[in-house]
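Shown next, in structure tokens, is the structure this report addresses.
The values are calculated or read from the model by the stated rules, or taken from the named source; none is laboratory data. Because the structure is a prediction, the values reported are computed rather than measured. Note that each Cβ is placed from the backbone with ideal geometry, even for glycine, and that neighbours are counted across all protein chains shown.
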Amino acid sequence: MIMLGRLYREGKGTEKNLNKAAEYFRKAAQNNELVEVLWNIGTTDSLNELVTLADTEIKKGNAFAAECLSILYLEGKIIAQDEHKALNLLEKAANLGSKSATEKLMLMSLESEDDRRAVIAASVFLDANDAIASEIVSEAYTDGKGLPKDDGMSSYWTSS
């Protein structure tokens, strides 16, 4: 069942059909892959089903489910708009290892002036020598926002 779902999802050996893929993933109780297919289908019905599955999947460590649910909260799509819940879910997805959620969290935190959260999110990218993350951390040290004011550390992250 799982293999059939994957073949339909990717259109290998058959025409791509996300609805058929979802059907096979449901039968196989393969909810982590079902979440992805439901997101890609993107209809009201599929997104409602995704919302129903999301909490259970997030508890199992599904970062993609947390990220999808955060976007739905952010956009007010299917569920009531709630930026606070969206940020918390993005943080959860980031903690579960999603780089894209970490990046969104960093940018949203900067926009909402949540300096502490932005610095925490940026720190994930520091090991990869990400220029934007280095700049965020440098400015946080310069301004004393999210980190203690420290011109030496600010200079270090500027030159990194």
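Those residues that are surrounded by fewer than 21 Cβ atoms within 10 Å (Cβ to Cβ), in contact with a Leu (Cβ under 9 Å, 6 or more places away or on another chain) and either among the charged types (D, E, K, R) or at positive phi (or both), I need them from segment 58-90; list them, please.
Those that are surrounded by fewer than 21 Cβ atoms within 10 Å (Cβ to Cβ), in contact with a Leu (Cβ under 9 Å, 6 or more places away or on another chain) and either among the charged types (D, E, K, R) or at positive phi (or both): Gly61, Lys77, Ile78, Asp82, Glu83, Lys85.
Test each condition in (1) part of a loop (DSSP other than H, G, I, E, B); (2) at pLDDT 80 or above; (3) surrounded by 14 or more Cβ atoms within 10 Å (Cβ to Cβ) for Gly146 and report the one that comes out false.
The single condition Gly146 does not satisfy is (2).
Please tell me if Ile132 is at pLDDT 85 or above and β-branched (Val, Ile, Thr). Give the derivation first.
Values: at pLDDT 85 or above: no; β-branched (Val, Ile, Thr): yes.
Here the answer is no, as Ile132 does not meet what is asked.
Conditions (1) acidic (Asp, Glu); (2) outside any helix (DSSP H, G or I); (3) modelled with pLDDT under 90; (4) over 30 Å from Ser134 (Cβ atoms), marked per residue:
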| position | (1), (2), (3), (4) |
| --- | --- |
| Glu15 | yes, yes, no, yes |
| Val37 | no, no, no, yes |
| Asn48 | no, no, no, yes |
| Lys77 | no, yes, yes, yes |
| Thr102 | no, no, yes, no |
| Leu110 | no, no, yes, no |
| Arg116 | no, no, yes, no |
